[in-house]
Amino acid sequence: MVNTAGPSRLLLAIESSCDETAAAVVREDGCVLSSIVASQHEFHLEWGGVVPEIASRAHVQRILPVIQAALKAADCTTSQLAAVAVTTEPGLVGSLLVGLTAAKTIAMGLGIPLVTVNHVEAHIYACGMGRPDSIYPCVGFVVSGGHTNLYDCRSASECQLIGGTTDDAAGEAFDKVARILGLPYPGGPSVQKAALAGDPRRFKMPRPLLHSGRLDFSFSGLKTAVLYAARGVPGPAQLTETPPDRVADLAAAFQAAAVDVLVEKCRLALQQLQYRRLCVGGGVAANQAFRNQLTAMATRLKIDLQIAPMELCTDNAAMAAIAWEHLAAGRIASLDADVLPGLVRHDFRNQKT
Ligand code: KG4
Ligand code: ZN
């Protein structure tokens, strides 16, 4: 991190929408002075996924130390803060409430503006951080543990949902497949690592909705296909564990199928919207096979591809720097602002092609 805290205006950003407690200090010109992320992976490991109640309790314990660490790393005091930003949607209700309560308290105590941030808009905004020019308009794609959403992004705060998953999110499918294969949580990095030693052609996997002509996704059938290939079809002879010789090949076959679908839907969205820029963020955007295949597609079609930098793919508070855009537009939140845990759902099955 660049440590150049001067007289310029500083923003304290807080993120607690899922299982990362995070705080950052970002200067008005977008320079990230500090970004602290306390992950809770060790608490959720034995459950193979995020347990909301455990996540909320861990946020309560960590939020103040994380904020203090972010201020210290930026070499800044609270008197230098011009505003406090916090993620209020979408996410786990208990987790979001912890961040919002901390942010409101700071805003009230210091008499500075409170700015609320939409987590998926922030994931897309992260793709442009550190760039001199704007990334908008673009096709925005947020691929994480909770989302597999395509957006028509006209500006930082005008992102219209144009496609998404009808069942599991892509990251959730990575996490569940890891569980089936006996690999540790979080599943994405474990599956990626196992796949390196695997042959993606040994097991044939479905590519759900690949040629539907619509911008919708479905990962539950792919996940079930992995389960059956790993342990056999349901019945008395079904195995309870995946034989070790199948793990790497199944991880590779699953990853190849999921990545094929993700990349093809990006291509379709670009074609439908006639945009030349694609911005991809969220935890799954850290996947190397996905990054490689996106890059190949973008090169072939001469698309300007912006994938979020690695450290900004998974949840962090630095991407809440989008709050500077909201402040500039006068979008200051009231101190009785509330959280909005759910994402507006669309029925993509009825979408016209
Ligand atoms: O954006 P994120 O940190 O949190 C949510 O908003 O959900 O994304 C976490 C998700 C998890 O499902 C995790 O398994 C997945 O991103 N993930 C990956 C990789 N790194 C994280 N998936 C595939 N490959 C990776 N390298
Ligand atoms: Zn996220």
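As a test, work out the antiparallel percent of DSSP beta bridges whose residues both lie in the chain, rounded to the nearest 5.
55 percent
Around Arg154, with a cut-off of 15 angstrom between Cβ atoms, what is the net charge of the other residues, counting Lys and Arg +1 and Asp and Glu -1?
With Lys, Arg at +1 and Asp, Glu at -1, the net is -2.
As a test of understanding, state the convex hull volume per residue of the range 227-353 from its alpha carbons, in Å³.
Looking at the range 227-353, the number lands at 224 Å³ per residue.
Which number do you get for Rg(Cα) / (2.2 N^0.38 Å) in the chain?
That ratio works out to 1.00.
Out of Gly235, Gln272, Thr299, whose Cα points farthest toward the positive end of the dipole of the range 223-313 (charges: +1 Lys, Arg; -1 Asp, Glu; placed on Cβ)?
Of the candidates, Gln272 comes out farthest on the positive side.
Where the accessible area of the range 199-347 is counted over protein heavy atoms with a 1.4 Å probe, how much of it, in %, is carbon and sulfur?
Carbon and sulfur together cover 55 percent of it.
For Gln288 and Glu241 in the same chain, what is the full-extension length gain: residue separation times 0.36 nm, less their Cα-Cα distance, in nm?
14.2 nm
For the range 130-307, how big is Rg over Rh, using alpha carbon atoms and the Kirkwood form of Rh?
Result: Rg/Rh = 1.01.
Please give the Cα centre distance for the range 1-74 versus the range 207-269, rounded to the nearest Å.
If you average the Cα positions of each part, the centres end up 33 Å apart.
Rounded to the nearest 5, what % of DSSP beta bridges with both residues in the range 130-307 are antiparallel?
For the range 130-307, the DSSP antiparallel bridge percentage is about 55.
Ranked by accessible surface with a 1.4 Å probe, highest first, in what order do Leu239, Leu273 come?
Leu239, Leu273
Round to the nearest 0.05 the FRET efficiency obtained for Thr166 and Gln61 when R0 = 25 Å and r is the Cβ-Cβ distance.
It comes to 0.10.
Averaged per residue, what accessible surface does the chain expose to a 1.4 Å probe, in Å²?
Counting only protein heavy atoms, the per-residue value for the chain is 44 Å².
Measuring from a point 7 Å past the Cα of Leu210 along Cα-to-C-beta, which residues in the range 263-305 have an amide N at less than 12 Å?
Counting only backbone N, you get 263-265.
By how many degrees, between 0 and 90 and to the nearest 10, does the Cα long axis of helix 288-301 differ from the longest principal axis of the chain?
90 degrees
Hey, rough spin-label estimate for Lys302 and Leu196, points 7 angstrom out along Cα→Cβ, what's it come to in nanometres?
In this crude label model, Lys302 to Leu196 measures out at 3.7 nm.
The values are calculated or read from the model by the stated rules, or taken from the named source; none is laboratory data. Everything numeric in this text was worked out from a predicted model, so none of it was measured. Because the Cβ atoms are built from the backbone with ideal geometry, glycine has one as well, and the counts that use them run over all protein chains shown. With ligands, DNA and RNA removed, areas are computed over all heavy atoms of the protein, side chains included. Shrake-Rupley method; radii C 1.70, N 1.55, O 1.52, S 1.80 Å.
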